[in-house]
Amino acid sequence: MTRLPARIETDAESVGRDLGRLVLTIVELIRQLMERQALRRVDAGDLPEETVERLGLGLMRLEEAMTELREHFGLRPEDLDLDLGPLGHLLSPPDDAAPRHGGFTPVRPE
């Protein structure tokens with residue numbers, strides 16, 4: 001059996017970038033969940049028009065902020081899509097999901 005080293009050799013820059021990637025992945029997951037829930041409520045007609053407008057504006061601003069943060073950490077959208085092995089990719093839409101309009105749609109590996 002291979003022994004793991006007692007210490008991991010790393011530098012502050014890579015630790016910061018990797019931590020940023022992890023945090024942005026979690027934020028992107030939550031953003032996508034919020035967006036899907038909002039779309040379900042809009043499609044169901046549960047929300048007044050004013051709320052729909054505010055919700056859309058808020059989601060657009062959040063997406064813009066995510067773009068700025070990804071650029072700050074030197075990340076591409078697909079860098080946030082973690083491979084979960086047999087479960088698939090974390091941010092990939094389910095196979096039966098309709099294609100998304102705008103926003104982050106990760107590229108599935110062929």
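The table that follows gives values for the structure above.
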{"quantity": "VAL42, sole failed condition from (1) part of a helix (DSSP H, G or I); (2) closer than 26 Å to ASP79 by Cβ", "calculated": "(2)"}
{"quantity": "From the options GLY74, GLY45, residue that is in contact (Cβ under 8 Å) with a residue 24 or more places away in the chain and surrounded by fewer than 13 Cβ atoms within 10 Å (Cβ to Cβ)", "calculated": "GLY74"}
{"quantity": "Filter result for GLY56 (on the phi > 0 side of the Ramachandran plot and either loosely packed, with under 15 Cβ neighbours inside 10 Å or of a type outside the set (Gly, Ala, Ser) (or both))", "calculated": "no"}
{"quantity": "Matching residues in segment 23-42 - criterion: being in contact (Cβ under 8 Å) with a residue 24 or more places away in the chain, surrounded by 15 or more Cβ atoms within 10 Å (Cβ to Cβ) and not charged (D, E, K, R)", "calculated": "LEU24, THR25, VAL27, LEU29, GLN32"}
{"quantity": "Failed condition for LEU19, given (1) at pLDDT below 90; (2) surrounded by 13 or more Cβ atoms within 10 Å (Cβ to Cβ); (3) not acidic (Asp, Glu)", "calculated": "(2)"}
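Conditions (1) among the charged types (D, E, K, R); (2) more than 30 Å from ASP18 (Cβ to Cβ); (3) modelled with pLDDT of 90 or more, marked per residue:
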| site | (1), (2), (3) |
| --- | --- |
| ASP46 | yes, yes, no |
| GLU53 | yes, yes, yes |
| LEU69 | no, no, yes |
| LEU82 | no, no, no |
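The values are calculated or read from the model by the stated rules, or taken from the named source; none is laboratory data. Please read all numbers here as calculations on a predicted model, not as lab measurements. Neighbour counts run over all protein chains shown; Cβ positions are idealised from the backbone, glycine included.
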